[in-house]
Amino acid sequence: MTKPVILVTGADLAQAAIEILGNYEIIYAGKAPQESDVLALCRQHNPLGIILRYGGITAEMMDVAPNLRVISKHGSGTDSIDKSAATERGIAVRAAIGANAAAVAEHALALMTACAKSIVHLNERTHAGHWDKATFKTQELSGRTIGLVGLGAIGQRFAKICDAMNMKVLGFDPYAKNIPSYVTSVDLESIQEKSDVISLHCPLTPENSQMLNKDFFAKCKRGVIIINTARGGLIDESALLEAIASGTVSMAGLDSFAVEPMKTPHIFHGNQNIILTPHIGGVTNDAYINMGVGAAKNIVACLSEIH
């Protein structure tokens with residue numbers, strides 16, 4: 001008797017996660033699966049569950065897999081899943097909440113400090129034989145105000161780091177619970193007006209798409225640093241470029257983009273005031289294991305509830 005199938009939209013899964021899924025046959029879609037590849041595998045194998053690593057899950061994929069009962073994200077963001085379609089079809093959607101919190105918070109810290117300390121620029125200058133000590137000054141973060149948009153597992157982890165750096169921490173999240181004492185809960189307008197650094201840690205929804213737009217930047221403190229380790233769709237990329245050109249935004253550290261992989265050429269390419277990384281904030285050895293285990297446990301738990 002064949003085992004029910006779990007489809008993974010990636011080329012691998014942590015061994016600990018594989019062991020959790022021992023009662024299922026695991027089918028992998030490959031390193032960079034296209035929508036057509038995943039659709040074909042859904043049609044061929046009719047999986048009981050899907051672990052989403054790369055790409056997205058559409059209503060069409062759900063329709064060609066009538067046995068599908070759960071879609072489990074290998075991470076925390078579920079915006080690449082058609083959740084309305086899943087709800088209509090009685091398919092559970094789960095995320096490995098907090099599994100990559102440490103990794104992403106550390107990456108936000110790396111981007112913030114790289115921006116404030118001009119690490120990339122000075123690295124290039126020093127490698128080229130220049131010695132800019134007498135002519136260049138960087139920014140000190142101690143005593144500055146950071147505004148966090150989103151206070152989930154990642155946002156709160158980053159808040160703790162910033163508090164330890166003697167930064168004043170403001171947070172905007174109407175859904176957050178148990179906000180720590182060192183975070184001052186404020187409205188979004190206060191984040192704009194008071195923050196020297198703004199860091200995004202919220203999910204992408206239809207309501208907050210391109211939240212950081214021309215009007216948003218117009219209300220920010222001049223010279224603000226923008227950090228995004230959440231979702232690229234939260235930022236109007238053209239508006240950000242204009243804000244950097246005008247000096248409203250001094251630097252941006254970005255790990256996610258409206259379209260991924262980034263289009264080449266991209267309007268951000270070559271801009272020395274923008275530090276770019278390829279949505280790699282949550283990609284560490286530890287997070288890889290944690291996310292795989294979290295995703296696998298969610299699959300097993302959902303299927304146990306159903307049966």
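Taking 2.2 N^0.38 Å as the expected size of a compact globular protein, what ratio does the Cα radius of gyration of the range 101-276 give against it, to two decimals?
Normalised Rg, Cα atoms only: 1.00.
Restricting to DSSP H runs of at least four residues, report the calculated mean residue ellipticity at 222 nm for the chain, -39500 (n - 2.57) per run over all residues, nearest 500 deg cm²/dmol.
-10500 deg cm²/dmol
Using a simple charge model, +1 on the beta-carbon of Lys and Arg, -1 on the beta-carbon of Asp and Glu, nothing else, what dipole does the range 101-276 show about its Cα centre, in debye to the nearest 20?
Charge dipole, the range 101-276, about its Cα centre: 420 debye, nearest 20.
Using Cα springs under 10 Å in a Gaussian network model of the chain, which residue among Ser256, Ser199, Ser209 shows the largest mean-square fluctuation?
Residue with maximal mean-square fluctuation among Ser256, Ser199, Ser209: Ser209.
Take the residue pairs Lys117/Lys168; Lys117/Lys160; Lys137/Lys168; Lys31/Lys214 and return only those whose Cα atoms are more than 26 Å apart.
In this structure, Lys31/Lys214 exceed 26 Å between Cα atoms.
P(r) tail for the chain, what percent of Cα pairs lie past 34 Å?
Result for the distance tail: 28 percent.
Which GluC sites (Glu not before Pro) from the range 80-168 combine a DSSP loop assignment with at most 15 other Cβ atoms within 10 Å?
Answer by residue number: Glu140.
Check every DSSP H run in the chain and write down those whose alpha carbon atoms cover 27 angstrom or more along the long axis and whose mean Kyte-Doolittle hydropathy is -1.0 or greater.
Helices meeting the criterion: 285-306.
Given springs between every Cα pair under 10 Å in a Gaussian network model of the chain, which of Ile227, Ile244, Ile154 has the largest fluctuation?
Residue with maximal mean-square fluctuation among Ile227, Ile244, Ile154: Ile244.
Using unit Cβ charges (K, R positive; D, E negative) and no other charged atoms, how large, in debye to the nearest 20, is the dipole of the range 165-224 about its Cα centre?
200 debye
Rg and Dmax of the range 189-307, Cα atoms, in Å?
17.3, 59
Take every Cα-Cα pair in the range 1-67 and report what % of them are more than 17 Å apart.
The answer is 35 percent, as a whole percent.
Read-outs: derived from the displayed coordinates by stated rules, not from any lab. None of these values were measured; they are calculated from a predicted model. Here Cβ is always computed from backbone atoms with ideal geometry, including for glycine, and neighbour counts include all displayed protein chains.
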